[in-house]
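Everything on this sheet refers to the single structure shown next.
The values are calculated or read from the model by the stated rules, or taken from the named source; none is laboratory data. Everything numeric in this text was worked out from a predicted model, so none of it was measured. So basically every Cβ, Gly included, is an ideal-geometry build from the backbone, and we count neighbours across all protein chains shown. When the accessible area is computed, the model is the full protein with side chains, heavy atoms only, and any ligands, DNA or RNA have been set aside. Shrake-Rupley method; radii C 1.70, N 1.55, O 1.52, S 1.80 Å.
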Amino acid sequence: MSTYSLTGSGTQSLTAGTGALHVHVTTAPGWLGEGSADPTDLTGIGFIRATDGTAFWRAQVIDALDCWLGIPNGATAFGYALTNGAAADFTEIIGPNPFEGPAGATGATGATGAAGATGATGATGPTGAAGAPGATGPTGPTGGTGAAGATGATGAAGATGAAGATGATGAAGAAGSAVLIGDVTLAVAAATIDFSSIPATYTHLMLDWLLQGTQVATSTSAWLRVNADSGANYSEQAFQRATSTVSGTTNEADVKAILGLIPAASTPDAHDFGFGRILLPYYRHPQYKQLVQLSGSPKTAALVLQTWQTMSTTWRNTAAINQLTLLLPSANYAIGSRATLWAW
């Protein structure tokens, strides 16, 4: 994984296997426009276009000061154009594009190719030592009766003929789909929501959540622990907007992953819940695990709370993920809080 600090325009080669780029704008342009997306998108920063060396894919807009851009499989480089004096760091993420669909089922086997020609008959092997009776040898010419000779061993088999040409590849199968691992909706308030004994038979995990806290406050933080690990093994980088303030944060050696800010008991509308989704790619592979998330909280009638957040968390452990636990710094998750775990 490499990071490239770029400005102006040009073309930058990519490490083989790069599936995404994390873009961090280090020098904002002198002018920034705002779009109508929610969260708000920015204009006037720049663009990239990935290429596999034969042509370029459609341009992708850099629409935030920190954002993720997917790279198509097979890309070897990307063109960039940073406008109005902007500069940015582009960090490679090795692996398939995290937002592409799972692989489809294997297509039907193609027709068997024609058989190759029969190989030439091998030379007759030498006579073996006396042992177990072998196959009957050919009848010798008539002559005087002599002592019975030892039966020779069977000669070595001739070389195998060349294989026929491979048949045409069958058509691609239909795309696979995610499998529901667990779905929890609280009928009574609870301090945690836990998914344990996660099967080690899939490649990726995805966790969706809709949460509210019972703490006497306008808002509270929702947390996540992996494999019940409460050690200082989590590090996070986040980009968020709270009401009208945009900021970035970094946490190192944390004892939990942060899901995001959620409404609590003092929120004016009891129907306000925080929401989010976390992608956990390659959850069984023996490397540090990465968590990529998007979360938000609604704007209430009294403008008490409105947040959105994108975050990348590293759990510094090489073990396969077998448990995910949602928890809070205090109090409980409210009735109606829900979490759903998928795998594929």
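Observations
- Within segment 244-268, residues that are over 25 Å from A228 (Cβ atoms) and in contact (Cβ under 8 Å) with a residue 60 or more places away in the chain reach partners that are loosely packed, with under 14 Cβ neighbours inside 10 Å and of a type in the set (A, V, I, L, M, F, W, C) with beta carbons closer than 7 Å, at six or more positions or on different chains, in the pairs A265/V216.
- Scanning segment 65-84 for residues that are touching a residue at least 60 places away in the same chain (Cβ under 8 Å) and either open to solvent by 30 Å² or more (accessible area, probe 1.4 Å) or out of contact with any Ser or Thr (no Cβ under 8 Å at 6 or more places or on another chain) (or both) yields L65, D66, W68, T76, Y80, A81.
- When segment 236-248 is limited to residues that are modelled with pLDDT of 75 or more and either aromatic (F, W, Y) or within 26 Å of the chain's Cα centre (by Cα) (or both), the one that is surrounded by the fewest Cβ atoms within 10 Å (Cβ to Cβ) turns out to be G248.
- Only one of the numbered conditions (1) over 27 Å from S177 (Cα atoms); (2) among the acidic types (D, E); (3) open to solvent by 60 Å² or more (accessible area, probe 1.4 Å) is violated by E100, and that is (1).
- Condition check for L261: closer than 15 Å to G296 by Cα and assigned to a strand (DSSP E or B): yes
- Pairs, first closer than 9 Å to A319 by Cα in segment 276-290, second surrounded by 17 or more Cβ atoms within 10 Å (Cβ to Cβ) and of a type in the set (G, A, S), C-beta under 9 Å, six or more apart: Y283/A343
- Members of segment 249-279 found to be within 24 Å of the chain's Cα centre (by Cα) and either exposed (fewer than 15 other Cβ atoms within 10 Å of the Cβ) or of a type outside the set (A, V, I, L, M, F, W, C) (or both), listed by number: T249, T250, N251, E252, A253, D254, V255, K256, G260, G276, R277
- Residue ID - surrounded by the most Cβ atoms within 10 Å (Cβ to Cβ), chosen from residues in segment 14-44 that are more than 24 Å from the chain's Cα centre (by Cα) and polar (S, T, N, Q): T43
- Each residue in segment 174-214 was checked for being outside any loop (DSSP other than H, G, I, E, B), open to solvent by 50 Å² or more (accessible area, probe 1.4 Å) and at pLDDT 95 or above, and 6 pass.
- Test set (1) surrounded by 17 or more Cβ atoms within 10 Å (Cβ to Cβ); (2) under 28 Å from I335 (Cα atoms) - A217 fails condition number: (1)
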